Amino acid sequence: MRFVDEYRDAGKARALAARIAALCEPGRAYKFMEVCGGHTHTIYKHGLEDYLPACVSLVHGPGCPVCVIPMGRVDDAIAIAEQPDVIMTSFGDMMRVPGGNGSFLDAKARGADIRMVYSPLDALKIARDNPDRRVVFLAIGFETTAPSTAMTVMRAAAERIGNFSVFCNHVTIIPAIKAILDSPDLRLDGFIGPGHVSTVIGCRPYEFIAHDYGKPLVVAGFEPLDVLQAVHRNLVQLAEGRVEIENQYGRVVPWNGNPKALAVINEVMELRPTFEWRGLGFISDSALCVRERYAEFDAERVFQVPGFRVADPKACQCGEVLKGVLKPWECKVFGTACTPETPIGTCMVSSEGACAAYYNFGRFSRDRVKEATRA
Amino acid sequence: MNRDEQVLNPAPPEAQDRERLVLARIERARRARPRLREELVTLAHGAGGKAGRTLVEAVFLEAFRNPLLEPLADGAILAPGTSRERPDAERPVERSADGRVDQAASAPALAFTTDSYVVTPLFFPGGDIGDLAVNGTVNDLAMCGARPEHLSAAFILEEGFPIADLRRIAATMAEAARAAGVTIVTGDTKVVQRGKADGCYITTAGVGTVAPGVRLGASEVRPGDAVIVSGPIGEHGVTVMLARGGLDIEADDLVSDTAPLNGLTARLLDACPGRQVRCLRDATRGGVATVLNEVAQTAEVAVVVEEEAVPVRPSVRGACELLGIDPLYVACEGRMVAVVAGDRADAALAALRGHPLGEGAAVVGRIGEDPPGLVLLKTGFGGTRIVDLLVGDPLPRIC
């Protein structure tokens, strides 16, 4: 398949792996955080760690939109979904995310009308087709998906579709990275920067990471060679004593981002003073809500939203996993009480969650696998 | 790639030991009989993954338990002379570990199976619910090593369903039955109020005969065996997903792979006599990945699959790539996984490729000893990963 296979070439990967190994200083251990859950997924799905020397470890970051949704927001969404005449819509990833009282799938089985959509415009179409129902789109995601939510709200306003609203849970990536950098219990050597978010925000917003924190960051694409190349470029910077923001994903990410997309977000949304992140707690200026001028499309204004606050289950260590402090398997309930079928934490739900990726793709002992795959 | 050459600074041994302990704990948890925790049926229970298996074991197996049902295979093999009260009374029959009857010393036995069909949309490129209802049950019989003979067909129809559509479905079923060499000999029709069903649901049951000497089952699989798939995978599932509309993805060359596999299995059993075909499974709900997991867990073996050897048409790969799903989990309705003795792999492949439905057959992997119960994939990129049972529906990723 064109534009895919060339980024999954095993020969190129082997050559790159040799260069990565050659760059590692003997006796030194390297830790790079892949901020985005999409990268985590790629790393496990393609078995990318097989190419890394043992002294290079990848730490999974907070960039999984589903993973950072606090349980209380899930309960709020279910409370909206269970109101009369409501059709709740969301991306498939949200369906199994546990709240304090079950997930969307459970609410659906109890009778709520909850539908999976592939785009907020599909939700708008449902609203158009069901004028006697109130259609709510549960919006999640970083700056990647915020423009399409904003566009949909603008379209709803232009077409005067009065039975459509958005339950906005969009978050922004920079405050999350800053929270990680300020966290005392983590020592990182560099970052693999999120690719899709950067198509919108560009590379400039990361510059403080190099200036203020002295860490390199390489914005990377989502194919396995992209990620391997980002590791290589980080190591090259460290070897040369440089600390810079680099763009490996130039085929998609412009240095200055996408001004039109940013303008659309800015038209419809504004920063919330503070927002709760699962595992990371409240972070100021880290999330978006719908502006006053689009109030009639804001589910938080249209509906009575209970504003549930639910403490994460005690056993769950998603917060530590999201911050990269714990590897998924180091969590006490990983793989036993918390599995993809019966997730306790969000990291076990989304295909981009570190725990789900590790459980589904990477859960084996490397030595035994080496034996098994020896042809 | 030799990993040892790269290791400059191995991870501290105590971390490796801890990880190994955790993995062992997880394997124990995974083997424990899963508990059914839900109070209501959710869509996840119908998606062919772990949740569905748990529901069947906790509710149906618990209530109906008997040696013929216990393997939860595609169909049951009824030994000649089997009576309800004393299954083994009339003549001693040898049973394999998974409850299958050993036909080595017996006369032809009866294979019996049933399946329900609830596809949306009812008509899709390459077929309709009628094809599925006949081929699906024919294939369940074929996977038992049986020669399918007779089918029943029961219809649940929604008030207001067009008779013209029903005629069309019946005509397809008649044609599919003719192609598979079976006759539909009994049936039933129920009509429910508008809104109580989605147009038309069909349940078919089938019987067939199993020749003496045939014994198939996942428990027959052993290390050294070869894993074959009979053709490009995922076409039915992707076709139906696209036919539902709403995705705005077009793939003109994609049609469902629905087909009767009894011709193919007969050829294969002829080419590899004497129990050299260990196990046959049609890769329906949950796809090839689910079949391989069942084999790995039942036989307590490792299944090692080469991603690049798995045949997938470019349009299926493209659609799966866009939707963020793995073709290994996508349903087929005319493809099977065959595990055969390692030294008969070439003969098996030749036999399959000699049949129009097996032209694209390929050896995709082999059976190993360790780690037992796991399916490992050597990725095209050159890494290794697990292929686990799917949880819930294959959901699209969002960004």
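Taken together, the values in this text are just the output of simple stated rules run on the coordinates, not laboratory data. Not measured: the values here are computed from a predicted model. Note: ideal-geometry Cβ built from the backbone for every residue, glycine included; neighbour counts use all protein chains shown.
Just a few scattered comments:
- Antiparallel DSSP beta bridges within the protein assembly as shown, percent to nearest 5: 55 percent
- Net charge of the neighbourhood of residue B:41, taken over other residues with C-beta under 13 Å away and scored Lys/Arg +1, Asp/Glu -1, is 0.
- Segment residue A:251-residue A:110, length gained on full extension (0.36 nm per residue, minus Cα span): 46.1 nm
- The eigenvalues of the Cα gyration tensor, multiplied by 5 and square-rooted, give the range A:1-42 an equivalent ellipsoid with semi-axes of 24, 18, 5 Å from largest to smallest.
- Alpha carbon convex hull of the protein assembly as shown, volume per residue in cubic angstrom: 160 Å³
- Computed over chain B, relative contact order equals 19 percent, with contacts defined as Cα pairs under 8 Å that lie 6+ residues apart.
- Cα centroid separation, the range A:35-107 to the range B:123-190: 40 Å.
- Counting only other chain Cβ atoms within 10 Å of each residue's Cβ, the peptide B:19-26 averages 5.
- Between residue B:353 and residue B:253, the modelled labels are 2.0 nm apart [label points 7 Å from Cα along Cα→Cβ].
- Rg and Dmax [Cα atoms of the range A:195-288; Å; Rg one decimal, Dmax integer]: 15.3, 44
- Relative contact order computed over the range B:248-343 (Cα-Cα under 8 Å; 6+ residues apart), in percent: 51 percent
- Partner shielding of A:334-342 amounts to 6, given as the average count of beta-carbon atoms from other chains within 10 Å of each residue beta-carbon.
- Calculated [222 nm] ellipticity per residue, helices only, for chain B: -8500 deg cm²/dmol; basis is -39500 (n - 2.57) per DSSP H run with n ≥ 4, divided by all residues, nearest 500.
- Å³ per residue enclosed by the Cα convex hull of the range B:147-194: 60 Å³
- When both the range B:306-379 and the range B:236-272 are represented by their alpha-carbon centers, they are found 14 Å apart.
- For the range A:1-96, taking the reciprocal of the average inverse distance between every pair of different Cα atoms yields a Kirkwood hydrodynamic radius of 16.9 Å.
- Debye-sum result for chain A in log10 I(q)/I(0), which assumes one identical scatterer on each alpha carbon, at q = 0.11, 0.12 Å⁻¹: -0.77, -0.91
- If you bin all the Cα-Cα distances of the range A:123-275 at 5 Å, starting from zero, the percentages per bin are 2, 9, 16, 17, 16, 13, 9, 7, 5, 4, 2, 0, 0.
- Taking B:266, B:29, B:170 in turn, the Gaussian network model of chain B (Cα-Cα springs below 10 Å) assigns the largest fluctuation to B:29.
- In degrees, nearest ten, helix A:146-158 long axis to first principal axis of chain A (Cα): 20 degrees
- Within a Gaussian network of chain A (alpha carbon springs, distance under 10 Å), most fluctuating of A:166, A:310, A:253: A:310
- Positive minus negative residues near residue A:55 (Lys, Arg vs Asp, Glu; Cβ under 12 Å): 0
- Radius 13 Å from Cβ of residue A:87, net charge of other residues (Lys, Arg +1; Asp, Glu -1): 0
- Look at the stretch A:42-49: the mean tally of other chain Cβ atoms within 10 Å of its residues' Cβ atoms is 5.
- By the helix-only formula, in which each DSSP H run with n ≥ 4 contributes -39500 (n - 2.57) and the sum is divided by residues, chain A has a 222 nm mean residue ellipticity of -10500 deg cm²/dmol.
- For residue B:111, the residues 5 or more places off, or on other chains, whose built amide H falls under 5 Å of its own are B:78, B:208, B:209, B:210.
- Over 34 Å [Cα-Cα, chain B], rounded percent: 30 percent
- Surface/4 of the Cα convex hull for the range A:307-362, nm²: 4.1 nm²
- Histogrammed with a bin width of 10 Å, the alpha carbon distances of the range A:41-158 distribute as 12, 37, 28, 14, 7, 2, 0 percent, first bin at zero.
- For chain A, the longest principal axis of the alpha carbon atoms and the long axis of helix A:120-129 meet at an angle near 20°.
- Between helix A:224-240 and chain A: long-axis angle, C-alpha atoms, 0 to 90°, nearest 10: 60 degrees
- The range A:147-183 and the range A:225-261: distance between their alpha carbon centers, rounded to Å: 26 Å
- Proportion of all alpha-carbon pairs of the range B:200-271 beyond 18 Å (%): 63 percent
- Whole-number D in µm²/s for the range A:98-200 (Stokes-Einstein; Kirkwood sum over Cα pairs; 25 °C, 0.890 mPa s): 151 µm²/s
- P(r) of the range B:146-289 over all Cα-Cα pairs, binned every 5 Å from zero, in whole percent: 2, 7, 12, 15, 17, 17, 12, 9, 5, 2, 1, 0
- Sorted on the mean count of surrounding Cβ atoms within 10 Å across their residues, most packed first, peptides B:228-235, B:191-198, A:176-183, A:226-233 read B:228-235, A:226-233, A:176-183, B:191-198.
- Residue B:309-residue B:123 pseudo-label distance in nm [points 7 Å out on the Cα-to-Cβ vector]: 4.2 nm
- 21 Å Cα-Cα reach of residue A:178 towards lysines, excluding residues that sit fewer than 8 places from it in its own chain: A:31, A:215, A:323, A:327
- Relative contact order of chain A, taken over Cα pairs closer than 8 Å and 6 or more residues apart, is 22 percent.
- Virtual paramagnetic centre 7 Å along Cα→Cβ of residue A:132, amide N under 12 Å, in the range A:151-169: none
- Principal axis extents of the C-alpha atoms in the range B:175-234 (largest first, rounded to whole Å): 55, 29, 24.
- Annotation for the range A:1-109: chymotrypsin sites (Phe, Trp or Tyr not before Pro) lying in DSSP loop with at most 16 further Cβ atoms inside 10 Å of their Cβ are A:3.
- Counted residue by residue at 0.36 nm each, then reduced by the alpha carbon distance between them, the extension gain from residue A:213 to residue A:82 reaches 42.6 nm.
- Placing pseudo-labels 7 Å out from each Cα toward the beta carbon at residue B:70 and residue B:107 gives an inter-label distance of 2.7 nm.
- Under-5 Å amide H pairs with residue B:279, H placed in peptide plane, nonlocal only: B:217, B:339
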